[in-house]
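Below: one structure, written as structure tokens.
The values are calculated or read from the model by the stated rules, or taken from the named source; none is laboratory data. Every value quoted in this text rests on a predicted model; they were computed, and no experiment measured them. Here the Cβ is made from the backbone with ideal geometry for all residues, glycine too, and neighbour counts use every protein chain on show.
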């Protein structure tokens, strides 16, 4: 890694752990705060994209399934958040996972489907190849999760144009 990539890695790690789910003294948000997104998140610039990191790699993301009312929990295989100032299909910022291969110029966009219908996109940033992006995505969901309809590699400049 070059010196600047080392610094970027440190900046990303520090940002990931500066939010409410990081390793720090900030209290974890309440269920209402989680739902509204009203809590401290890590913020970092990744190759010109403003990223809000909600969940650092290795932490647990939880929620309640709106259809079943059943609580779910997933351990994040990569830093997870969204690209600021964007709007995805769910009305929130476009979700992203941030991997360790920071010099990657390829983004792997996952088309996520739920119940056979398009749900939203997940942008896999900082992954060495499609297999590592796929593995981190699937590793952040319950075993047997079948929401990944397809994965499309695009250049970073194509992603920025699309956004």
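Against the list (1) loosely packed, with under 14 Cβ neighbours inside 10 Å; (2) farther than 21 Å from residue 158 by Cα; (3) over 14 Å from the mean Cα position of the chain (by Cα), the condition residue 85 fails is (2). For region 9-58, the tally of residues that are modelled with pLDDT under 90 and closer than 30 Å to residue 105 by Cβ stands at 1.
Among 140, 136, which is under 12 Å from the mean Cα position of the chain (by Cα), closer than 21 Å to residue 72 by Cα, assigned to a loop (DSSP other than H, G, I, E, B) and in contact (Cβ under 8 Å) with a residue 12 or more places away in the chain?
Values: 136 fails: assigned to a loop (DSSP other than H, G, I, E, B).
That would be 140, the only listed residue that is under 12 Å from the mean Cα position of the chain (by Cα), closer than 21 Å to residue 72 by Cα, assigned to a loop (DSSP other than H, G, I, E, B) and in contact (Cβ under 8 Å) with a residue 12 or more places away in the chain.
Of the residues making up region 9-31, those that are touching a residue at least 60 places away in the same chain (Cβ under 8 Å) and either under 8 Å from residue 42 (Cβ atoms) or touching a strand residue (DSSP E or B) at 6+ places or on another chain (Cβ under 8 Å) (or both) are 12, 16. Taking the stated definitions as given, is residue 51 touching a helix residue (DSSP H, G or I) at 6+ places or on another chain (Cβ under 7 Å), outside any loop (DSSP other than H, G, I, E, B), on the phi < 0 side of the Ramachandran plot and in contact (Cβ under 8 Å) with a residue 24 or more places away in the chain? Criteria not met by residue 51.
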